[in-house]
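Here is the structure we will look at.
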Amino acid sequence: MYPESLVIPMKKELIDVGFKDLLSSEDVESILSKNETTLIVVNSVCGCAAANARPGAIESLNNKKFPANIGTVFAGVDKEATDAARENMIPFPPSSPCIALFKNGELVHMLERHHIEGRPAELIAENLKNAYNEYC
């Protein structure tokens, strides 16, 4: 587990733009039980989360279509919530960061760490916007 003081600014980057901080399995199940589209970002302390995943997820919301619900779990901090989110991301193996789009509780689009690492935030945002245009 990471010290809370270390992760607060990383959490706030997403929370400050409207992502719901999912702290428990109940939080995850609640957001996914809605018959709408939901984006979940598995946040992390790694450099690719800061340079690519978080900025890409934020930029992706600047689109005509976007998910009705946006939430985030923090790997290595919010264990229960992260485990619950990852259970809904099967068959993809756990990775962080990663970004998943759900429609009516079903996984419809997934960006794993290897899709994020080394890619600019703009490319990640474009990938997500394309998914929003298809599913939202």
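Quick look at the values:
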read-out	value
Flag if Ala121 is at pLDDT 95 or above and surrounded by fewer than 23 Cβ atoms within 10 Å (Cβ to Cβ)	yes
Residue check for Ala51: modelled with pLDDT under 95, closer than 22 Å to Pro9 by Cβ and over 11 Å from the mean Cα position of the chain (by Cα)	yes
Some residue of the range 87-104 being of a type in the set (Gly, Ala, Ser), at pLDDT 95 or above and more than 25 Å from Ala51 (Cβ to Cβ)	no
Condition met for Ala50 (surrounded by fewer than 21 Cβ atoms within 10 Å (Cβ to Cβ) and closer than 23 Å to Ser5 by Cα)	yes
Which listed residue, of Lys20, Lys65, is closer than 25 Å to Glu126 by Cβ, touching a Gly at 6+ places or on another chain (Cβ under 8 Å) and touching a residue at least 12 places away in the same chain (Cβ under 8 Å)	Lys20
Subset tally (residues that are out of contact with any Leu (no Cβ under 6 Å at 6 or more places or on another chain) and either part of a strand (DSSP E or B) or under 17 Å from Asp83 (Cβ atoms) (or both)) for the range 8-32	12
Selection count, the range 54-79, where residues are of a type outside the set (Ser, Thr, Tyr) and under 22 Å from Glu106 (Cβ atoms)	11
Residues being part of a loop (DSSP other than H, G, I, E, B) and surrounded by fewer than 16 Cβ atoms within 10 Å (Cβ to Cβ) - total across the range 83-99	4
Hits in the range 33-56 (condition: of a type in the set (Ser, Thr, Tyr) and either without any contact (Cβ under 8 Å) to a residue 24 or more places away in the chain or outside any loop (DSSP other than H, G, I, E, B) (or both))	Thr37, Thr38
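The values are calculated or read from the model by the stated rules, or taken from the named source; none is laboratory data. Bear in mind the structure is a predicted one, so any value in this text is a computation, not a measurement. Methodologically, a virtual Cβ is constructed for each residue, glycine included, from the backbone with ideal geometry; neighbour enumeration extends over all protein chains shown.
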